[in-house]
1. Per residue and in cubic angstrom, what volume does the convex hull of the Cα atoms of the range 61-140 have?
2. For a quick protection proxy, order the peptides 55-67, 73-85 by their average other-Cβ count within 10 Å, most packed first.
3. If you roll a 1.4 angstrom probe over the protein chains with everything in place, what fraction of the accessible area of the range 78-138 belongs to carbon and sulfur, to the nearest %?
4. Using only alpha carbon pairs under 8 Å that are at least six residues apart, calculate the relative contact order of the chain and give it in whole percent.
5. Taking the Cβ of Arg124 as the centre, find all other residues whose Cβ is under 14 Å away and add up their charges (Lys, Arg: +1; Asp, Glu: -1).
6. Kindly report, to the nearest 10 Å², the accessible surface of Ser41 as traced by a 1.4 Å probe over protein heavy atoms only.
7. Say we join alpha carbon atoms closer than 10 Å with springs in a Gaussian network model of the chain; which of Met127, Met98, Met19 then has the biggest fluctuation?
8. Could you state the angle between the C-alpha long axis of helix 94-103 and the longest principal axis of the C-alpha atoms of the chain, as a value from 0 to 90 degrees rounded to the nearest 10?
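The values are calculated or read from the model by the stated rules, or taken from the named source; none is laboratory data. All of these numbers come straight from a predicted model, not from anything done at the bench. Methodologically, a virtual Cβ is constructed for each residue, glycine included, from the backbone with ideal geometry; neighbour enumeration extends over all protein chains shown. Heads up: the accessible areas ignore ligands, DNA and RNA and are worked out on the full protein's heavy atoms, side chains in. Shrake-Rupley method; radii C 1.70, N 1.55, O 1.52, S 1.80 Å.
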Amino acid sequence: MGPSLRLEPPGVSVAIADMSSLEQLAQNLRVAGEAVADSLSIAEEVAVSNVRDAFRKKRPVPCPSCRPCMPCPVGIDVPRFFEIYNDAVMYDDTETAMELCRDERIEPGDCTECRVCEGRCAKRLPMVDWLETGRSYLGL
Ligand code: SF4
Ligand code: SF4
């Protein structure tokens, strides 16, 4: 049986995938062409869900990108940096993370530790500590 695509809730007709290369686009088009709706068994759906949860648990910063902490006075997009750092840990891929920071001009090293962001953080995260941890993990 080929790969399948389940569209949920019913009525969803477009799915946008995050792609960064022509190879990924070609791969997604191939999968979409072969996909059959509702073809996973319950056991397969549970397995997929368990794998997804296991990956998500690896994310170190519990930040949902809600963004009330923004803007930062020196222009650092901290929620985006946390997202990139989380993905780097989750997928064990620091190279892509460093490229993204470069391309998106995210420079955690510019942080002055004013802690304005921390005062606004909806989850009361120790944002400056996480910035430093992420920065040293990515070697920025
Ligand atoms: S502590 Fe750093 S990241 Fe947070 S608002 Fe100040 S400069 Fe920006
Ligand atoms: S407010 Fe806190 S939880 Fe929300 S995006 Fe900013 S850092 Fe993340």
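1. Cα-based convex hull of the range 61-140, divided per residue, equals 77 Å³.
2. 73-85, 55-67
3. 43 percent
4. 21 percent
5. +1
6. Approximately 50 Å² of Ser41 is accessible to the 1.4 Å probe.
7. Between Met127, Met98, Met19, it is Met19 that shows the largest mean-square fluctuation.
8. Relative to the chain, helix 94-103 is tipped by roughly 70 degrees.
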